[in-house]
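Report on one structure; see the data block that follows.
The values are calculated or read from the model by the stated rules, or taken from the named source; none is laboratory data. Computed from a predicted model, the values in this text were never measured in an experiment. Positions of Cβ are backbone-derived with ideal geometry, glycine not excepted, and every protein chain shown enters the neighbour counts.
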Amino acid sequence: MEREEIEKLSREYSIIQEQLQSMAMQREQFNERKEEYKEAFKEIEASTGKVYLAVGGAIVEVQKDYALKNIKEKEEVSDMRMSIVKKQYDDLVKKEQALRTEINSAIKELKG
C-alpha cells in the first residue's frame with residue numbers, strides 16, 4: 001500500500017473519531033434530557049396545585065394528565081432518537097476498528 005493511501009486512511013480515521021466524539025456528546029445530552037423528563041414527571045405527578053407547560057414562548061396552564069402525557073411522549077421521542085444515535089455510534093465503532101486494523105497492517109507492510 002502506498003504512503004498516500006495510508007495518509008488517506010488516517011484522515012478518514014480522524015474524521016470517524018471526530019464523529020464518534022460528537023455522537024458520544026449527543027448520547028450524553030439525550031441521557032441528561034431523559035433524567036430531566038423523569039424528574040419533571042415525578043414533580044408533576046406529586047403536584048396537587050396547578051400545572052403549567054411551556055409552549056413556544058408562552059407558559060400555559062394545562063391539566064395534570066395532559067402534562068404527564070406530554071412529558072411521556074417527549075421521553076419516548078428522546079428514547080427513539082437515542083437508539084438511532086446508539087446504532088450509528090456502534091456502526092462507527094466497528095468501522096473505526098476495521099480502519100485501525102487496516103492502517104496498522106498497511107504500516108507494517110510499508111516498513112517490512
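Worth pointing out:
Okay, residues lined up against (1) at pLDDT 95 or above; (2) in a helix (DSSP H, G or I); (3) over 30 Å from Arg3 (Cα atoms):
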residue: Tyr37; (1), (2), (3): yes, yes, yes
residue: Lys42; (1), (2), (3): yes, yes, yes
residue: Leu68; (1), (2), (3): yes, yes, yes
residue: Lys72; (1), (2), (3): yes, yes, yes
residue: Lys87; (1), (2), (3): yes, yes, yes
residue: Lys94; (1), (2), (3): yes, yes, no
residue: Ile103; (1), (2), (3): no, yes, no
residue: Ala106; (1), (2), (3): no, yes, no
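- Every residue from the range 37-71 that is out of contact with any Phe, Trp or Tyr (no Cβ under 9 Å at 6 or more places or on another chain) and among the small types (Gly, Ala, Ser): Ala40, Ala46, Ser47, Gly49, Ala54, Gly56, Gly57, Ala58
- Scanning the range 10-32 for residues that are touching a Lys or Arg at 6+ places or on another chain (Cβ under 8 Å) and among the basic types (Lys, Arg) yields a single hit, Arg27.
- Flag if Val60 is touching a strand residue (DSSP E or B) at 6+ places or on another chain (Cβ under 7 Å), among the β-branched types (Val, Ile, Thr), loosely packed, with under 11 Cβ neighbours inside 10 Å and free of Cβ contacts under 8 Å to residues at least 60 places away in the same chain: yes
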